[in-house]
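Everything on this sheet refers to the single structure shown next.
The values are calculated or read from the model by the stated rules, or taken from the named source; none is laboratory data. Keep in mind the model is a prediction, meaning the values are calculated, not measured. Neighbour counts run over all protein chains shown; Cβ positions are idealised from the backbone, glycine included. For accessibility, only protein heavy atoms count, side chains too; no ligands or nucleic acids. Shrake-Rupley method; radii C 1.70, N 1.55, O 1.52, S 1.80 Å.
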Amino acid sequence: MRSLWEYANPRLFMNWTGKALPWLWVLGLGLTGLGLVWGFFFTGDDFRMGSTVKIIYIHVPAALMAINGYFLMFVAALIWLIRRQPVTALVGRAAAPVGLTMTVIGLVTGAIWGQPMWGTWWAWDPRLTSFLVLALFYLGYIALWEAISDPELAADLTSMLAIVGSVFAVLSRYAARFWNQGLHQGTSVPVATGNRTVDDVFFIPLAISMVGFFFLFVAITLVRARTEVRARRVKVLEAKG
Amino acid sequence: MIALLLRDLRLAIRTGGGFGLGLAFFAVIVIMTPFAVGPSPAELSALAPGILWLAALLAVLLTLDRLFALDAEDGTLEQLALTLPLEAVIFAKSLSHWLTTGAVLALLGPLLGILLSLPVSGMLPLFLALLLGTPALSFIGAFGASLTVAVKRGGLLLSLLVLPLYIPTLIFGASVASRGAAGLDYTQPLALLSALSLGCVAAMPFAAAAALRASLR
């Protein structure tokens, strides 16, 4: 029985991700497609929101993965600083642009929904503001990776930024709530209380879409991490001449 | 450590650059504001706390890249790291940065507030907010500066990294100033702002030292 950490060895990592990726792609694309088609074509309109309710099938899963993507970077940063597993640093690097994309999708779909429903594309609501701040944190993290050429130093510094940034991202979230009362409705799927405000008719395709987005995120991140590992190998080969 | 603090203070005041420029920048932004938003006193006094806070933020940001860059270039930083714990070096440098920017900005802010029609009752809260809030800016900035020591011409990158970290401080600080100017009770945001500053003063030198150690390795 191998220790869990051994799967972060680059060779083993390439091995198991190569085998797992086709399945992840099938799950990610299949479930996302199923959730979206079900949600878009086989559910009724909401009695107040009309057909705009359907944007929830993209908006909520994207927002979910935007936050979890940052959390993934935080965990990867901790593992890199504690255990110095090179692959985890690369996974953090690989996840950042995907997470940023999810954040932007969340913001844009929210604006498209908000225009007819709230009568405005944008409001300085705490939730919206926190997402914009999250996008800034992603940008800073990506920019720092790009700016430093020494890979080990870049991994160290970006990991520290990710950890300190997480603390401040959470602080900003609560500071923003203090600063302005919200327009955004409460969460539709509160995990803690279990009092869903979404009917099963909408919830089942939404849940499928959420799971689909999760696998899609993992698949894209792993493809990007594999590319990074290969790029490292090419560099080593070039250095050998 | 005290010797280092005094050395940095002397350097900041005597050599042309950081110290005076930051303050001049602060004053210029405040003076430019009426040209951008119009001279009406009612509008200006509504904007004053926010503008003063933004200007202070930018003035602090402008002087940050000098915090470690010069000492890292000529090797002084490595020598300091040999004689003192790096955390203490960063603490002394951040403190001297605050004394030459934040503390002076706190004194200057209410005066420049006159130009923006800040009500007299709003001057004490603005002073308190700047005095208690700017330590957070200097110490968070030290962390940002230590991340970008290894980057040549890292000034723009530094602002992208540091400004998002300033958001909570800005929210609480500007809220103290604007509540004070409106004659409302401002003790709650002031307490939160002070807590934030104290937390940053306590924790940031360690984060910055970790980053500097990686860069000096």
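With axes computed from alpha carbons, what is the tilt in degrees of helix B:86-100 against the longest principal axis of chain B, rounded to the nearest 10 within 0 to 90? The helix B:86-100 is inclined about 30 degrees to chain B. In the calculated pair-distance distribution of the protein assembly as shown, the portion above 33 angstrom amounts to 45 percent of the Cα-Cα pairs. For the protein assembly as shown, a crude dipole built from +1 on the beta carbon of Lys and Arg and -1 on the beta carbon of Asp and Glu, taken about the Cα centre, is about 1040 debye to the nearest 20. Chains A and B together bury some 2100 Å² of accessible area, summed over both sides, with a 1.4 Å probe.
Please report the relative contact order for chain B, taking Cα pairs under 8 Å with a sequence separation of at least 6, and give it as a percent rounded to a whole number. Over chain B, the number comes to 26 percent. Using the Cβ-Cβ distance between residue A:82 and residue A:152 with R0 set to 25 Å, the FRET efficiency works out to roughly 0.95. Could you work out the local net charge near residue B:68, counting Lys and Arg as +1, Asp and Glu as -1, over the other residues with Cβ closer than 13 Å to its Cβ? Counting the neighbours of residue B:68, the net charge comes to -3. Electrostatic tally near residue A:156: other residues with Cβ closer than 15 Å to its Cβ, Lys and Arg +1, Asp and Glu -1, net +3. Considering only A:118, A:39, A:90, and ranking their Cα positions along the charge dipole of the protein assembly as shown that arises from unit charges at the beta-carbon of Lys, Arg, Asp and Glu, the one farthest toward the positive end is A:90.
Compute the whole-percent fraction of alpha carbon pairs in chain B spaced more than 30 Å apart. Of all Cα-Cα distances in chain B, 23 percent exceed 30 Å. Taking Lys and Arg as +1 and Asp and Glu as -1, the other residues whose beta-carbon sits under 12 Å from that of residue B:139 total 0. Once C-alpha pairs closer than 8 Å and six or more residues apart are averaged by separation and normalised to the residue number of region B:1-113, the relative contact order reads 46 percent.
A viscosity of 0.692 mPa s and a temperature of 37 °C, combined with the Kirkwood radius over Cα pairs in Stokes-Einstein, give a translational diffusion coefficient for region A:1-157 of 182 µm²/s. Solvent-accessible area per residue in the protein assembly as shown equals 47 Å², computed with a 1.4 angstrom probe and all protein chains kept. Rounded to the nearest percent, how much of the accessible area of region B:2-216 (1.4 Å probe, protein heavy atoms only) is carbon and sulfur? Taking all protein chains in place, region B:2-216 shows 73 percent carbon and sulfur surface.
What's the longest bit of chain A with no exposed chymotrypsin sites (Phe, Trp or Tyr not before Pro), using DSSP loop states and at most 14 other Cβ atoms within 10 Å as the test? Show your work: numbers first, answer last.
On the way: sites that count: A:42, A:47, A:121, A:122, A:124.
Here the longest segment lacking exposed loop sites spans A:125-241.
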